[in-house]
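J.: Below is one structure. I have some questions about it.
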Amino acid sequence: MSEVKLFGAWFSPYVKRVEMALNLKGVEYEYIEEDLKNKSPLFLQYNPITKLVPVLVHNGKPIFESTVILEYIDETWEGPSIFPKDPYDRAMSRFWAKFVEDKCSDPLWKACWAAGEEREKAKKEAEEALKILENEIKGKKFFGGDNIGLVDYVANYIAFWIPLLQDVVGFHILTQDKFPNIWKWCYELCNDSFVKKNLPEKEKVSSGLKRAVETGSLY
Amino acid sequence: MAKVQVIGAWFSPFVKRVEISLKMKGVEYEYIEVDLINKPPLVLHHNPIHQKVPILIHDGKTILESAVILEYIDEVWEGPNILPKDPYQRARSRFWANFIDQKCVPATRKALWCRGEEQEKAIKEAREALKILECEVKDKKYFGGDQIDYVDIIGSFLAYWMRLFDEVAGLHLFTYEELPSLCKWADELCDNKYVKQHLPDKDRFVDRVRGHSKTTRSV
């Protein structure tokens with residue numbers, strides 16, 4: 001029987017993606033909550049390079065970076081697929097996952113934390129990217145079609161964390177008015193019975209974000 | 001119309017990654033050179049989102065983003081593996097390729113093109129990132145072992161283009177004194193039969209960089 005460990009932090013969207021993937025495949029694993037202000041020697045031994053969560057350890061071998069881990073999970077274990085089977089569809093999924101991470105999530109996050117000119121610049125970038133994403137999700141329940149796929153996993157950040165952060169800082173870019181298709185997808189994703197079980201508590205995340213805004217530190 | 005087409009620019013390391021990979025697989029393709037200053041309708045049609053090259057067209061389907069294209073090429077065509085077969089080794093390859101593209105390349109770019117405090121900070125980051133890479137490639141001919149693989153192809157940016165920029169800018173980030181294994185790897189890679197024929201002419205490229213740097217800090 002294989003031994004699977006996951007080092008994570010309860011509030012991290014990157015960690016939640018991996019937990020969701022492991023649960024999708026029905027993989028039993030040991031979850032280890034890591035204090036990111038005071039990282040354990042064991043954790044640093046497994047990931048001395050980036051020192052970030054999530055880290056998946058399978059039979060003693062560490063794998064880092066959430067999207068790399070998702071590919072590994074899909075390749076290693078049987079069960080429902082995260083990636084499409086067809087090479088062209090896989091390429092499209094990888095393309096959109098990269099687009100979501102680099103062009104949407106990043107500027108949305110920056111816009112919420114920044115001020116002045118920097119905030120306006122990030123807001124403009126985020127809005128341009130969201131317009132493109134709005135078009136991509138049009139007519140679909142999920143980015144993966146009828147079932148969630150890679151892009152839905154990677155965009156979990158936008159669906160759950162960003163709306164909470166926007167409310168905490170009082171600065172809204174992603175709204176139902178401006179992006180009705182994305183907003184609908186956010187609702188579908190966060191209320192999907194499987195996804196729901198793999199999200200942290202809203203109130204706990206909101207409190208954590210409020211504290212981060214007040215102290216200026218995320219951890 | 002050719003079954004496989006690559007839309008590219010002669011100086012682009014991202015385009016060369018794709019050409020190296022197609023060469024490895026023995027795939028015949030039509031190469032279409034485009035002017036990126038006056039982008040033709042072909043680029044805007046196939047890549048309306050980013051309007052960049054490389055663009056791979058296979059049987060009428062468009063695939064974008066060099067790292068995504070490399071995975072596609074590996075999945076579709078027989079021949080030498082670009083990514084290892086073993087899932088754990090694949091995960092390691094994907095991680096290191098991401099590390100090169102997300103840490104080494106941006107840091108070295110900033111180190112070469114910024115000035116003042118920003119440059120000093122970037123130089124420090126670049127040195128740290130390259131030292132980590134130095135440890136990973138140590139004692140190996142290539143990141144892929146005896147044959148080039150995904151990490152080497154992605155890393156060709158550093159081995160050829162970044163070393164040229166470093167030479168032009170006189171920063172000496174890539175020296176045998178500081179990075180003996182990485183420099184040795186770079187020399188081996190640039191001499192590799194699949195890579196060598198796709199590297200742009202050094203003088204022509206340096207002229208372009210020198211001309212470009214007078215008008216813009218962007219590469």
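Bear in mind that the values in this text are calculations on the coordinates, not laboratory data. A quick note: this is a predicted structure, and the numbers were derived from the prediction, not measured. Glycine gets a Cβ as well: all are built from the backbone with ideal geometry, and neighbour counts include every protein chain shown.
J.: Among A:V100, B:A111, A:V195, pick out the residue whose Cα is farthest towards the positive end of the charge dipole of the protein assembly as shown, where Lys and Arg carry +1 and Asp and Glu carry -1 on C-beta, about the Cα centre.
T.: The one lying farthest along the dipole's positive direction is B:A111.
J.: For peptide A:86-92, what's the mean number of Cβ atoms from other chains within 10 Å of each residue's Cβ?
T.: 6
J.: Right, something else. What's the extension gain from A:V169 to A:N181 if we count 0.36 nm per residue and subtract their Cα-Cα distance?
T.: Working: separation 12, 0.36 × 12 = 4.32 nm, distance 2.35 nm.
The A:V169-A:N181 span can extend by a further 2.0 nm.
J.: Tell me which trypsin sites (Lys or Arg not before Pro) from region A:124-177 have a DSSP coil assignment and no more than 16 other beta carbons within 10 Å of their own.
T.: Qualifying residues, ordered by number: A:K138, A:K140, A:K141.
J.: DSSP loop (so not H, G, I, E, B), at most 10 other Cβ within 10 Å: list which GluC sites (Glu not before Pro) in region B:120-219 pass both filters.
T.: Passing both the DSSP loop test and the Cβ count: B:E177.
J.: So for region B:42-100, averaging the separation of alpha carbon pairs under 8 Å that are six or more residues apart and normalising by length, what relative contact order in percent results?
T.: For region B:42-100, the relative contact order is 16 percent.
J.: Between region B:68-84 and region A:143-219, what's the alpha-carbon centroid distance in Å?
T.: That distance is 35 Å.
J.: Once you treat every alpha carbon in chain A as an equal point and sum by Debye, what is log10 I(q)/I(0) at q = 0.11, 0.12, 0.15 Å⁻¹?
T.: The calculated log intensity ratios at q = 0.11, 0.12, 0.15 Å⁻¹ are -0.55, -0.66, -1.04.
J.: Express in whole angstrom the spacing between the alpha-carbon centres of region B:3-36 and region A:8-57.
T.: 38
J.: Please enumerate, by chain and number, the lysines with C-alpha under 20 Å from the C-alpha of A:K5, excluding those fewer than 8 residues away in the same chain.
T.: A:K5 reaches A:K16, A:K25, A:K39, A:K51, A:K61, A:K197.
J.: For B:Y194, B:Y31, what's the fewest-to-most ordering of other Cβ within 10 Å of each Cβ?
T.: Sorted ascending by nearby Cβ count, the order is B:Y31, B:Y194.
J.: Moving on. Divide the volume of the convex hull of the Cα atoms of region A:118-217 by its number of residues and quote the answer in cubic angstrom per residue. Let's see the in-between values first.
T.: Working: hull volume 10.7 nm³, N = 100.
Taking the convex hull of the Cα positions in region A:118-217, it is 107 Å³ per residue.
J.: Mind checking which lysines have their Cα closer than 20 Å to the Cα of B:K184? Skip sequence neighbours fewer than 8 apart in that chain.
T.: Straight-distance partners of B:K184: B:K131, B:K138, B:K140, B:K141, B:K193, B:K196, B:K202.
J.: Evaluate the relative contact order of region B:13-64 (contact order divided by residue number), counting alpha-carbon pairs under 8 angstrom at least 6 apart; express in whole percent.
T.: Value for region B:13-64: 28 percent.
J.: Determine, from the Cβ-Cβ distance of A:K202 and A:I49 and an R0 of 25 Å, the FRET efficiency 1/(1 + (r/R0)^6), rounded to the nearest 0.05. Don't jump to the answer; show the numbers that get you there.
T.: Numbers: r = 33 Å, r/R0 = 1.32.
With R0 = 25 Å, the Cβ-Cβ based efficiency is 0.15.
J.: Taking amide H positions as placed 1.01 Å from N in the peptide plane, with prolines and chain starts having none, which residues 5 or more places from A:V55, or on another chain, fall under 5 Å of its amide H?
T.: Answer set, sorted by chain and number: A:F7.
J.: Ok, one more. Exactly which chymotrypsin sites (Phe, Trp or Tyr not before Pro) in region A:95-171 are in a DSSP loop and have at most 15 other Cβ atoms within 10 Å?
T.: Of the chymotrypsin sites (Phe, Trp or Tyr not before Pro), the ones in loops of region A:95-171 whose Cβ has at most 15 other Cβ atoms within 10 Å are A:F171.
J.: Can you give the mean number of other chain Cβ atoms that lie within 10 Å of the Cβ atoms in peptide B:171-177?
T.: 0
J.: If the reach is capped at under 15 angstrom between alpha carbons, list the aspartates and glutamates near B:K25, excluding any in the same chain fewer than eight residues apart.
T.: Cross-link targets: B:E71, B:D74, B:E75, B:E78, B:D149.
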